[in-house]
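The values are calculated or read from the model by the stated rules, or taken from the named source; none is laboratory data. All of these numbers come straight from a predicted model, not from anything done at the bench. All Cβ positions, even for glycine, are placed from backbone atoms using ideal geometry, and neighbour counts span all protein chains on display.
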Amino acid sequence: MKALKVMSMLALLSAAWPFHAVAETSRIAEVPEWKAVFARIETRDRVPARSRLGGTLDEIKVSEGDTVQKDDIIGLVKDEKLRLQMEAIDSQARSLASQLENAQSELARGENLLKQGVTTAQRVDGLRTEVEVLQGRIDTVGAERDVLLQRIAEGAVLAPMTGRVLQVPVTAGSVIMPGEPVAVIGGGGFFLRLAVPERHAGTLKQGDQILIGSDGSELRGTLAKIYPLIENGRMIADVDVPELDTDFVDARVLVRLPVGSNSAVVVPLNAVHSRMGLDFVTIRTSGGEPIERTVVVGETHLLDGATVIEILSGLGPDETLVIGHE
C-alpha cells in the first residue's frame, strides 16, 4: 500500500513538471546603473625624440607605426658649419705639428751648442719654452676637436624609450632647431583614459569594473586611477584593460561606467526566449500549469557569477519560472 502511494505521488509530480523543466523564481535585485561614455586608447608614456643639434635633417630612419628600442638612431641632423670648423681645426693641428717639429729640432741643436759652449743656457731655455707652448697649443686644439666631434655626434637623434613611433612631424631636408621634436614615441603600455562628467565623480572609485564595447559584453576593465583635478567640468580617470586593442592610439572606445544602482526584477538569462519579435517567459500558475507570458526585457547583468536579465514589465517578483519547458 505504501509503495502504491509513492508511485501515485511520482505520477502526479511527473504530470505537473514536464520532462527537462527546471523551476526558478523571479526576484528583486540591486542592479548597477550604467552610463555610456567614450574613452581614448593612450600610451602610458609619450615622449618626443628631440634634436640636440641645430641644422638640416639629413636622414629620417623611422615612420609612423615603427617599433624602436631605447637609444636607437631614428634620424641624423647635419650642420655644415661643423664640417668647416673641423677642417679648420685639422689644418691648425697640422700647422702646429709642423711648428713643434721645427721647435724640437731647434731645441736639440741648441742643447748641442750649449754642450760645446757656443750658446747660452738662456737661449736654450727659450727654445724649450717655445716647444712646451706649442705642445700646449696642440693639446688645446685636440680638446677643441674632441668637443667638435661630440657636437657632430649629437646630430644623431636617439629614441628616448622603447615603444612605437606615433608621429613624425618633419621630413628629410627640414631645418631643425635644437630641442625641436623629430618624432614622438609612445610606450610603457596602453590604457583607456576617461573624461566623466563631474556629477558622477562621487559614484566612481578605484577598482570598479568597467564594461568595454557597444553592448558591454566584449571586455572588462578595472578603474585603476582617478585624478583629483577636474578639467572643464570632467573628472579624468584611467582604466586598465588586459586585452586592449592597441593598433590605433587615441582611438575612441565606447565604455559603460557604474554610476549607481536600482532595484529591478531579474530572471536567469535562459528563462527568456524570443519569438516573432516578442520576448516570453514561462511561469507556473497556482494550478501547476505552465503558461507563457509576454515581457519587456532590459539589460543583462552579471550577479553573483550568474548572468541575469532585467524584466521591465510583464513579470513581478517571486513568480515561479519554468526553464527548459517543452
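One residue alone among ALA183, ALA251 is within 14 Å of the chain's Cα centre (by Cα) and not polar (S, T, N, Q), and that residue is ALA251. State whether the residues of the range 85-95 include one that is free of Cβ contacts under 8 Å to residues at least 60 places away in the same chain and either on the phi > 0 side of the Ramachandran plot or over 53 Å from the mean Cα position of the chain (by Cα) (or both). Yes. For ASN262, the conditions (1) assigned to a strand (DSSP E or B); (2) of a type outside the set (Val, Ile, Thr); (3) at negative phi; (4) under 15 Å from the mean Cα position of the chain (by Cα) are fulfilled apart from (4). Among the strands (runs of 3 or more DSSP E) confined to the range 187-243, the ones with at least 2 residues that are within 14 Å of PHE38 (Cβ to Cβ) and out of contact with any helix residue (DSSP H, G or I) (no Cβ under 7 Å at 6 or more places or on another chain) are located at 209-212, 234-240.
Of all residues in the range 114-146, exactly one satisfies the criterion of being of a type in the set (A, V, I, L, M), loosely packed, with under 12 Cβ neighbours inside 10 Å and closer than 30 Å to PRO178 by Cβ, namely ALA143. The single condition from (1) part of a loop (DSSP other than H, G, I, E, B); (2) without any contact (Cβ under 8 Å) to a residue 60 or more places away in the chain that GLY179 fails is (2).
Of the candidates ARG145, ARG137, the single residue that is touching a helix residue (DSSP H, G or I) at 6+ places or on another chain (Cβ under 8 Å), more than 30 Å from THR56 (Cα to Cα), modelled with pLDDT of 90 or more and assigned by TED's automatic domain parsing to the domain that holds GLN92 is ARG137.
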